[in-house]
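Reviewing the structure listed below.
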Amino acid sequence: MSVLIRGGQVVNADQTERADVYCEGSTIKAVGPDLEAPAGAQVIDAGGAYVIPGGIDPHTHMQLPFMGTVASEDFFTGTAAGLAGGTTLIIDFVIPAPDQLPLDAWAQWTDWAQKACGDYTFHVAVTSWSDRVEEQMGVLAREHGVNSFKHFMAYKNAIMVEDDVLLQSFRRCLELGAIPTVHAENGDVVFLLQKALLNAGITGPEAHPLSRPPEVESEAAHRAITIAQMVGSPLYVVHVSAKETVEAIGRARATGQRVFGEILAQHLLIDDSVYRTGDWEHSARHVMSPPFRPKAHQDALWAALASGTCQTTATDHCCFNIEQKLAGKDNFTMIPNGTPGIEDRMAVLWSEGVRKGRLTPQEFVAVTSANCAQIFNIYPRRGRIAPGADAAISVWDPAGTRTISARTHHQRVDTNVFEGLEVTGINAVTISDGKVVFKDGQLDVERGAGKYLPRPTFPPVYSAVTLKNEIGKPSPVIREPSVHVTP
Ligand code: URQ
Ligand code: ZN
Ligand code: ZN
């Protein structure tokens, strides 16, 4: 199978050029002007369009068992929806139940993902700590291509871990050459605020943001940043939603600390007025954590992307239909948390970002693909249009328009938080694994064709500080040379 993408502008994070792109099998073979189409090659006319690296969504939860139900989107329908929107790789989450070992959870998620039609890889969550967990982190890193481990600082009495686990797990990540990631919200404070709100008789979705104010996020982010700094490990903060959290990341990065931030497309556009409509179902459809914030936070999030304080965009695609959300009809803490976004992330970022002058086309490529590939060590295999890279490509039509709606989207959920938004700048053609899988508005995908993409660990980098104070282990007593004074 071979595909020639002709007549487009190739946009990488660091360069834009008029060039054709020739793919053979699963790989990009050539990038350059006026390439010849070998016999039998499928030719895609990219005149007037951009040819960009397929999007990478570093935060999805396909068919996640959560809060007493299971997310409605599965690995087949979810990766298909991603391909329709220009996303050619997802990083999903293996989340062991607290009494489940990581390798057992790994087997479960791997089985679920066999139906994927788009490529996938996994973060693995550390939801408890023991010698076995520590050992199995090594097996996952060394034998399964896992180079990132997630830690939920929220969801008390479920998947939340305390600071002692953060300390030991971050140290283990450093040892393995993996990066720790965190859902940064203070789960203890959330738990108490939830109780207070319920005791006050405030049971509707309007209570959700009141139980998770920005400080709940920024305090936890600062705490995780501090622990990472003590250990000497890098840190990746998922779904940064608040101005104060951006500031905490910016302060750490200004000192040279390796902290990365991820921003959801939803948090860039949607504000907390969705919780004050008086329409229970409308508000419940928008219950996710961290919650949508007052509009002022959005400027800080856009600035964080343009300035490089935060590096990636994602969707935290975690879908629940309204009848699932109704589990929380009388108690907002029972509303399954999550919203969709995988199909629309890139169009929203182009239409609201590039077209409104907040991002350049190259920055768009950086925050939808290249930066994520670099942070999770799969660059330039992914995140770049170049010979030798995977043939995972989006032909991006900057003038194309569509109106986003749950009535027409490919996502398997009855909600679209961008409902009614008309976007300019859309994915026109998707190439995945060297095959044209989306064109002329039609998907041409194959259940099970998606491939697992292993991510190599980083060479362990030890700082003298870390060696000297191996956090989590009894630190060696540093004996000052005793000075003998002869009497
Ligand atoms: O917290 C997460 O990232 C998962 C459980 C999805 N739900 C959510 O509200 N973000
Ligand atoms: Zn989260
Ligand atoms: Zn999530």
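Only Cα pairs under 8 Å and at least 6 apart count here; give the relative contact order of the chain as a rounded whole percent.
Relative contact order comes out at 22 percent.
Please list, in order along the stretch 298-305, the HN-Hα scalar couplings obtained from phi with the Karplus expression 6.51 cos²θ - 1.76 cosθ + 1.60 (θ = phi - 60°), rounded to whole Hz, x for Gly and Pro.
Going residue by residue, I get 5, 4, 5, 6, 5, 5, 5, 6 Hz, with x marking Gly and Pro.
Residue-wise, which Karplus ³J(HN,Hα) couplings in Hz belong to the stretch 18-35, taking 6.51 cos²θ - 1.76 cosθ + 1.60, θ = phi - 60°, and x for glycine or proline?
Whole-Hz 3J(HN,Hα) from phi for the stretch 18-35: 6, 7, 8, 10, 10, 10, 10, x, 8, 10, 6, 9, 8, 9, x, x, 6, 6.
How big is the charge dipole of the chain about its Cα centre, in debye rounded to the nearest 20, if each Lys and Arg gets +1 on its Cβ and each Asp and Glu gets -1 on its Cβ?
Computed about the Cα centre, the dipole is about 640 debye.
Go ahead and run the numbers for FRET between Thr408 and Glu162, Cβ-Cβ distance against an R0 of 30 Å, rounding to 0.05.
That pair, Thr408 with Glu162, gives E of 0.10.
Ordered by residue, what ³J(HN,Hα) values in Hz, to whole numbers, does the stretch 62-71 give under the Karplus form 6.51 cos²θ - 1.76 cosθ + 1.60, where θ = phi - 60° and Gly and Pro are x?
For the stretch 62-71, the Karplus curve yields 6, 6, 6, x, 7, 6, x, 9, 10, 3 Hz.
Amide H of Phe438: which non-local residues (sequence gap of 5 or more, or other chain) have their own amide H closer than 5 Å, using H built in the peptide plane?
Thr430, Asp444
Ranked by Cβ crowding within 10 angstrom, fewest neighbours first, how are Glu206, Glu143, Glu185 ordered?
The most exposed by this proxy come first: Glu143, Glu206, Glu185.
Quick check: net charge around His183, other residues with Cβ under 11 Å of its Cβ, Lys/Arg +1 and Asp/Glu -1?
Charge balance near His183 sits at -3.
So in the chain, what percent of DSSP beta bridges are antiparallel if you round to the nearest 5?
50 percent
Suppose each label sits 7 Å from its Cα in the direction of the beta carbon; what would the Ala107-Glu247 distance come out to in nanometres?
4.9 nm
Multiply the residue separation of Gln114 and Ala327 by 0.36 nm, subtract the distance between their alpha-carbon atoms, and state the gained length in nm to one decimal.
Result for the pair: 73.7 nm of gain on full extension.
Can you find, among Gly55, Gly68, Ser130, the residue farthest towards the positive end of the dipole of the stretch 49-194? Put +1 on the C-beta of Lys and Arg, -1 on that of Asp and Glu.
Comparing the listed Cα positions along the dipole, Gly55 ranks first.
Place the peptides 338-344, 291-297 in order of packing, highest mean first, counting for every residue the other Cβ atoms within 10 Å and averaging per peptide.
Taking the mean over residues of other Cβ atoms within 10 Å, the ranking is 338-344, 291-297.
Hey, if you drop one equal point scatterer on each alpha-carbon of the chain and run the Debye formula without solvent, what base-10 log of I(q)/I(0) do you get at q = 0.08 Å⁻¹?
-0.46
Ranked from highest to lowest mean number of other Cβ atoms within 10 Å per residue, what is the order of the peptides 243-251, 277-285?
Highest-to-lowest ranking by the protection proxy: 243-251, 277-285.
At R0 = 22 Å, how high is the FRET efficiency between Thr401 and Thr277 if r is their beta carbon distance? Nearest 0.05 is fine.
FRET efficiency, Thr401 to Thr277: 0.20.
How far apart, in nanometres, would the label points at Ala196 and Ala306 be if each is projected 7 angstrom from Cα along the Cα-to-Cβ direction?
It works out to 3.6 nm between the two label points.
Tell me, what does the Kirkwood hydrodynamic radius of the stretch 326-377 come to in angstroms if you use every pair of distinct C-alpha atoms?
Computed over the stretch 326-377, the radius equals 13.4 Å.
What whole-number value in cubic angstrom gives the convex hull volume per residue for the C-alpha atoms of the stretch 22-178?
Measuring per residue, one finds 156 Å³ for the Cα hull of the stretch 22-178.
When the C-alpha atoms of the stretch 80-131 are aligned to their principal axes, what extent does each axis show, in angstrom, from largest down?
41, 16, 13
Just order 310-322, 394-406, 99-111 by mean Cβ neighbour count inside 10 Å, highest at the front, would you?
The packing order, highest mean first, is 310-322, 394-406, 99-111.
Computed from the coordinates by the stated procedures, all read-outs in this text should not be read as laboratory data. Note that the coordinates shown come from a computational prediction; the quantities given were computed from them, not determined experimentally. Note that each Cβ is placed from the backbone with ideal geometry, even for glycine, and that neighbours are counted across all protein chains shown.
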